[in-house]
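Values in this text are rule-based calculations from the coordinates and carry no lab data. Everything numeric in this text was worked out from a predicted model, so none of it was measured. We place every Cβ from the backbone using ideal geometry, glycine too, and count neighbours over all the protein chains shown.
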Amino acid sequence: STGSARWVATYPFSKTGRTIVNKIQAKFVFENGKIKDHKDSFSLWKWARMALGASGLFLGWSGAVQGKIRKEAQGGLKLWMKRKRIQ
């Protein structure tokens, strides 16, 4: 079965200290009472504006900047998973 949720994540961005208020749409796939798949969707440009200020406003729409943000986020997630011994 599937499900969805809308939620707001509010937190300080660690690299700049700027406050992020991120409106997220989440989609889930459930199997045997557990989450099998989870995907979040949100505006990366809006996130970049909040996180990076003027540079995010003027460059956050570009594929190159969004790719760098995604790559850094993926790297941070992999490091966190390694520290928590999550495969």
key: Distance (nanometres) between label positions extended 7 Å along Cα→Cβ at Gln25 and Ala73   = 1.5
task = Pop a pseudo-label 7 angstrom from the Cα along the beta-carbon direction at both Tyr11 and Met81 and give the gap in nm to one decimal.
result = 1.6
note = The ³J(HN,Hα) series, computed from each phi in the stretch 2-15 with the Karplus coefficients 6.51, -1.76 and 1.60 at θ = phi - 60°, rounded to the nearest Hz and given as x for glycine or proline, is 10, x, 8, 8, 10, 8, 10, 9, 10, 6, x, 6, 4, 7
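Where a ≥ b ≥ c are the square roots of the eigenvalues of the C-alpha gyration tensor, would you call the chain rounded, which needs a/c under 1.5, or, failing that, prolate if a/b is larger than b/c, or oblate? Let's see the in-between values first.
On the way: a/c = 2.10, a/b = 1.54, b/c = 1.36.
Cα axes put the chain in the prolate bin.
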ask   = Measuring from label point to label point, each 7 Å out along Cα→Cβ, what is the Lys36 to Leu59 span in nm?
value = 4.2
